[in-house]
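> Here's a structure for you.
The values are calculated or read from the model by the stated rules, or taken from the named source; none is laboratory data. Here the structure is a predicted model, which is why all the values come from computation and not from measurement. Using ideal geometry, Cβ is built from the backbone for each residue, glycine included, and neighbour counts are taken over all protein chains shown. The accessibility values were calculated without ligands, DNA or RNA, using every heavy atom of the protein model including side chains. Shrake-Rupley method; radii C 1.70, N 1.55, O 1.52, S 1.80 Å.
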Amino acid sequence: MTVHQDEAPTLVPRDWQLTMLDGVLGTALAVAAVLAALAAGYGPVSTIAVAACALAAPALTRIDVSVRRLPNPITLPLLVLGLASALWQLAVGNWAGPVAALAITLLLFVMSLAGGMGMGDVKLTGALALAVAEIAWMPLTGLVASFVSAGLVGIVALIRGRRRLPFGPFLVAGFAAALALQLFR
């Protein structure tokens, strides 16, 4: 008698699996982010955190658009790198950026408790804000750019009858715009 075993359940949902395109686009963005961070005067710890966020950006964008989730296996390591960057900044006496980034993360956490956004958005915001916090105004600029772009697209979505948008892609774009803006200062 032959017994057939059921397939083992996958630990990673199919939509969360990384694709070749995620890797190719992420690598290109990470290289660009490293060049931008170095040109902006970032130190090595912040540059690594920024590069990691850029590397994960295509996958996070695709997943959030597809399933409206930002998975912990990607956002939590980014948050840890962002915290390491912020701790380094605090150790060298740069308080303004990390404090602004933590305040922004706390604000979004409160918004998530009120039902305004998901915890994945909070973790991603924290990771991005902490990663760019070496320059004090960057966390707030990234957040403002994220909300403005999401608001503009949200107006169009409401007109078309959609009531919800994934916020992750706007976070990624907003913080990338803030980093790019630093290059033209």
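> Exactly one of (1) more than 13 Å from the chain's Cα centre (by Cα); (2) open to solvent by 10 Å² or more (accessible area, probe 1.4 Å); (3) within 17 Å of Leu128 (Cβ to Cβ) is unmet by Leu38. Its number?
Looking at each condition in turn, Leu38 falls short on (3).
> Can you tell which of Ala114, Ala100 is of a type in the set (A, V, I, L, M, F, W, C) and modelled with pLDDT of 95 or more?
Ala100
> Also: Take the residues in segment 156-175 that are of a type in the set (A, V, I, L, M, F, W, C) and not in a helix (DSSP H, G or I); name whichever of them is surrounded by the most Cβ atoms within 10 Å (Cβ to Cβ).
Phe167
> Looking only at segment 121-138, filter to residues that are within 14 Å of Asn94 (Cα to Cα) and buried (at least 24 other Cβ atoms within 10 Å of the Cβ); which one of those is farthest from the chain's Cα centre (by Cα)?
Looking at the filtered set, the residue picked out is Glu134.
> With the requirement that a residue be open to solvent by 50 Å² or more (accessible area, probe 1.4 Å), assigned to a helix (DSSP H, G or I) and touching a residue at least 60 places away in the same chain (Cβ under 8 Å), what does segment 41-81 give you?
Listed by number, the residues that qualify are Val65, Pro73.
> Now a separate question. For residues that are at pLDDT below 75 and part of a helix (DSSP H, G or I), scanning just segment 12-29, find the one that is surrounded by the fewest Cβ atoms within 10 Å (Cβ to Cβ).
Among residues in segment 12-29 that are at pLDDT below 75 and part of a helix (DSSP H, G or I), the one surrounded by the fewest Cβ atoms within 10 Å (Cβ to Cβ) is Arg14.
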